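Undergrad: Take a look at this one; I'll ask things after.
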Amino acid sequence: MTYEPVIGLEVHVQLKTKSKLFCACSTEFGAEGNAHTCPVCLGWPGSLPVVNEQALKLGIKAGLALNCKVAERLKFDRKNYFYPDLPKAYQISQYDMPVNGRGEVLIETKMPDGKFVEKKIGITRAHLEEDAGKLLHEGIVDGSLVDYNRGGVPLLEIVSEPDIRSAQEAYDYLTALKAILQYVEVSDCDMEKGSLRCDANVSVRPAGQEKFGTKVEIKNLNSFKMVQKAIQYEIERQIAAIEDGEAIVQETRLWNDTKSATFSMRSKEEAHDYRYFPDPDLVAFTLSRELVDGIKKTLPELPLAKARRFIKEFGLSEYDAYTLTEDKKLADYFEGCVKEGVSAKLASNWTLTELLAVLNEKKLSIEASPVPSQKLAGLIRLIEQGTINGKIAKDVLGEMFTSGKTADVIVKEKGLVQVSDTGLIEKAVEKAIAANPNAVAEFKAGKQKALGAIVGAVMKETGGKANPKIVNEILQKKLQN
Amino acid sequence: MEFNIDRVAELARLSLKPEEKIKLEKELGAILAYVQKLSALDTKDIEPTSHVLDLENVYRADEVKASEAAEKALEHAPKADGRFFKVPKIVQKD
């Protein structure tokens, strides 16, 4: 029997504010234990939480970017449960009147054949809530330590509809979501710093069946790749269990990355009853049309729209367009190159392969690139004009990184101008043919590949500067005689 | 109104003796029965009240202000270890 996976994701992102959601404590990452705490976020009696205006606005902005219906009226509720990471024994969240209702995200998901297919993932809701503190267990035998610096930090919980049908789609949805939230500058979405977290709800059902199977929640997912791996594992585990006649238990499972498997939490499954009720410390909000429309006007061009424009305007491949637009700064860099008048295809290739390779090697982000887009465009122009060939250009780019000089200057100083003088190349070709009789014989016997050795010899002879197109032409001519 | 005293106690993390259970069940039942009178009212045309004050849209600017409480909080903690609060061992989830 074939089975269909049904997946929904719950994503928490930290909103980019200076202070916490209900108090003036700093949200800065990496402070000393409990340095960012106060009577409000420690839940001291008599303290009064007050909503951070910026957090609310960022929440609305994110909702608009996810095509959500923004609420006209919203309120905050208490979610009650006991856990040491929660000093008040309740979390201030939103229950029945969240800031953002139904929305949707369009994704381009890569099929096994490499083609991209558009898919719509529904958003159930996206609400504001405060983060909990952090528990530390490591190295402590007689207890656990608590750091409340994160407690009260503003989060937006984005709940997707169970519209996702594969681990790959889940990965693509997360990538798209992260790109959108970074474009609208509501969150850094840095999983390492905990500013983006994801839990997955996974179930399987026989293909064609309408009713959902029993779902399992997976936690402890620390990267998008881990989400993908854990979902794939869980789909296979559930199908195997059903085939063996076992029933799927509704439970929370944790992903163990070293063992590449999910494990039941096996904690005493207490019945959850969060007893939500309106937080009497906080009043409700009515959002005016002007406020919401004003925020809507600040939305930039979103990733998918940008990618589609790149494909239409510049003739880029889907893959290149989606890769470039995953990061707004990368897309801006590419467009900066194109604005200099160089070929968009060359700009895309050089940005995505050569430039990123050097940046990754040097562990630099695109915005910290010592070679700005205008300078990369200068290098590309030299290739287009035939002044240097692609191989030399790579060396020049490396030199641009270290010296900060322009491609023009480096090429002149080092005498790297491409040799297009047919007389010179012809001599080098003749020499190479004479020196590689074996390769010549192989080529004449029909082995196209053998040509590579001869071309290599020509390049060596000319210091890598020979125009490869002319080399090929002359070589073909000589060998056919 | 129906309720289960064991469940209420569990949710509130209270461990009750059998005689306390009997007493509290009776008292809680009486309180709920009293509040239950409200359900006799027709609230069809009344907007739900989430707050008794006639106030809305109260916010603060996104500004950071350090609190002195950070130090004092640890002073008052029943147990602390360096800069951290210390609590009984929480089962590590893995």
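The values are calculated or read from the model by the stated rules, or taken from the named source; none is laboratory data. Quantities reported herein were computed from a predicted structural model and do not represent experimental measurements. Cβ atoms come from the backbone with ideal geometry, glycine included; neighbour counts cover every protein chain shown.
Undergrad: Restricting attention to the stretch A:141-163, does a residue exist that is within 16 Å of A:Pro84 (Cα to Cα) and hydrophobic (A, V, I, L, M, F, W, C)?
TA: yes
One line per residue, one yes/no per condition, for (1) touching a residue at least 12 places away in the same chain (Cβ under 8 Å); (2) of a type in the set (Ser, Thr, Tyr); (3) more than 7 Å from chain A (Cβ to nearest Cβ); (4) on the phi > 0 side of the Ramachandran plot:
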| site | (1), (2), (3), (4) |
| --- | --- |
| B:Asp54 | no, no, yes, no |
| B:Val58 | no, no, no, no |
| B:Val64 | no, no, no, no |
| B:Ser67 | no, yes, no, no |
| B:Lys72 | no, no, yes, no |
| B:Pro78 | no, no, yes, no |
| B:Arg83 | no, no, no, no |
| B:Lys86 | no, no, no, no |
| B:Lys89 | no, no, no, no |
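Undergrad: With respect to A:Ile121, determine if the residue is more than 9 Å from every other protein chain (Cβ to nearest Cβ), assigned to a helix (DSSP H, G or I), of a type outside the set (Gly, Ala, Ser) and in contact with a helix residue (DSSP H, G or I) (Cβ under 8 Å, 6 or more places away or on another chain).
TA: Criteria not met by A:Ile121.
Undergrad: If I ask for residues that are at the interface with chain B (Cβ under 7 Å from one of its Cβ atoms) and surrounded by 22 or more Cβ atoms within 10 Å (Cβ to Cβ), which ones from the stretch A:18-33 would you list?
TA: Within the stretch A:18-33, A:Ser19, A:Cys25 qualify.
Undergrad: Filter the strands (runs of 3 or more DSSP E) completely within the stretch A:138-241 down to those with at least 1 residues that are surrounded by 17 or more Cβ atoms within 10 Å (Cβ to Cβ), in contact with a His (Cβ under 6 Å, 6 or more places away or on another chain) and not assigned by TED's automatic domain parsing to the domain that holds A:Asp327.
TA: In the stretch A:138-241, A:144-147, A:154-160, A:196-206 are the strands (runs of 3 or more DSSP E) which contain 1 or more residues that are surrounded by 17 or more Cβ atoms within 10 Å (Cβ to Cβ), in contact with a His (Cβ under 6 Å, 6 or more places away or on another chain) and not assigned by TED's automatic domain parsing to the domain that holds A:Asp327.
Undergrad: Can you tell me which condition A:Leu155 does not meet? The list is (1) more than 18 Å from the chain's Cα centre (by Cα); (2) farther than 30 Å from B:Ala73 by Cα, and all the others hold.
TA: (2)
Undergrad: Exactly one of these conditions fails for B:Val35: (1) at the interface with chain A (Cβ under 7 Å from one of its Cβ atoms); (2) under 22 Å from the mean Cα position of the chain (by Cα). Give me its number.
TA: It fails just one condition, (1).
Undergrad: What number goes with the only condition from (1) in a strand (DSSP E or B); (2) buried (at least 23 other Cβ atoms within 10 Å of the Cβ); (3) free of Cβ contacts under 8 Å to residues at least 60 places away in the same chain that A:Ala126 does not pass?
TA: Every listed condition holds for A:Ala126 apart from (3).
Undergrad: Could you tell me how many of the residues in the stretch A:34-52 are outside any loop (DSSP other than H, G, I, E, B) and surrounded by fewer than 24 Cβ atoms within 10 Å (Cβ to Cβ)?
TA: 1
Undergrad: Cβ-Cβ distance below 8 Å, separation of 6 or more or different chains: which pairs start in the stretch A:248-260 with a residue that is assigned to a loop (DSSP other than H, G, I, E, B) and end on one that is surrounded by fewer than 14 Cβ atoms within 10 Å (Cβ to Cβ)?
TA: A:Val249/A:Ser264; A:Glu251/A:Ser264; A:Glu251/A:Glu269
Undergrad: Identify all residues within the stretch A:299-310 that are surrounded by fewer than 15 Cβ atoms within 10 Å (Cβ to Cβ) and touching a helix residue (DSSP H, G or I) at 6+ places or on another chain (Cβ under 7 Å); write none if there are none.
TA: Scanning the stretch A:299-310 gives A:Leu299, A:Pro300.
Undergrad: Sticking with this one: Tell me, yes or no, whether the stretch A:48-64 has at least one residue that is free of Cβ contacts under 8 Å to residues at least 60 places away in the same chain, of a type in the set (Gly, Ala, Ser) and over 14 Å from A:Lys16 (Cβ atoms).
TA: no
Undergrad: Something else about it: Working only within the stretch A:80-100, note down all residues that are away from chain B (no Cβ under 13 Å) and either of a type in the set (Gly, Ala, Ser) or surrounded by fewer than 23 Cβ atoms within 10 Å (Cβ to Cβ) (or both).
TA: Result: A:Lys88, A:Gln91, A:Ile92, A:Ser93.
Undergrad: A:Ala31 is checked against (1) assigned to a loop (DSSP other than H, G, I, E, B); (2) in contact with a Phe, Trp or Tyr (Cβ under 8 Å, 6 or more places away or on another chain) and fails just one. What number does that condition carry?
TA: Only one criterion is unmet by A:Ala31, namely (2).
Undergrad: Further question on the same structure: Within the stretch B:8-26, how many residues turn out to be part of a loop (DSSP other than H, G, I, E, B) and either surrounded by fewer than 10 Cβ atoms within 10 Å (Cβ to Cβ) or in contact with a helix residue (DSSP H, G or I) (Cβ under 6 Å, 6 or more places away or on another chain) (or both)?
TA: The number of residues fulfilling the criteria is 4.
Undergrad: I've got another one for you. Looking at A:Pro303, A:Pro278, can you tell me which residue is more than 14 Å from every other protein chain (Cβ to nearest Cβ) and in contact (Cβ under 8 Å) with a residue 60 or more places away in the chain?
TA: So the residue among A:Pro303, A:Pro278 that is more than 14 Å from every other protein chain (Cβ to nearest Cβ) and in contact (Cβ under 8 Å) with a residue 60 or more places away in the chain is A:Pro303.
Undergrad: Cβ contacts < 7 Å: first residue free of Cβ contacts under 8 Å to residues at least 12 places away in the same chain, restricted to the stretch A:216-231; second residue surrounded by fewer than 24 Cβ atoms within 10 Å (Cβ to Cβ), any location; separation 6+ or different chain. Result?
TA: none
Undergrad: Is it fair to say A:Tyr322 is in contact (Cβ under 8 Å) with a residue 60 or more places away in the chain and more than 22 Å from the chain's Cα centre (by Cα)?
TA: Numbers: in contact (Cβ under 8 Å) with a residue 60 or more places away in the chain: yes; more than 22 Å from the chain's Cα centre (by Cα): no.
Answer is no for this residue.
Undergrad: Next question. Can you tell which of A:Ile7, A:Ile92, A:Ile107 is assigned to a strand (DSSP E or B) and closer than 30 Å to B:Ala9 by Cβ? Write out each step before concluding.
TA: Details: A:Ile7 fails: closer than 30 Å to B:Ala9 by Cβ; A:Ile107 fails: closer than 30 Å to B:Ala9 by Cβ.
Only one candidate qualifies: A:Ile92.
Undergrad: Filter the stretch A:269-289 for residues that are assigned to a loop (DSSP other than H, G, I, E, B) and surrounded by 15 or more Cβ atoms within 10 Å (Cβ to Cβ); which is modelled with the lowest pLDDT?
TA: A:Tyr274
Undergrad: For the condition more than 7 Å from every other protein chain (Cβ to nearest Cβ), without any contact (Cβ under 8 Å) to a residue 40 or more places away in the chain and closer than 27 Å to A:Lys75 by Cβ, what is the one hit in B:Glu2, B:Glu20, B:Glu47? If you could, list the steps in order and put the result at the bottom.
TA: Numbers: B:Glu2 fails: closer than 27 Å to A:Lys75 by Cβ; B:Glu20 fails: closer than 27 Å to A:Lys75 by Cβ.
One residue alone meets the criteria, B:Glu47.
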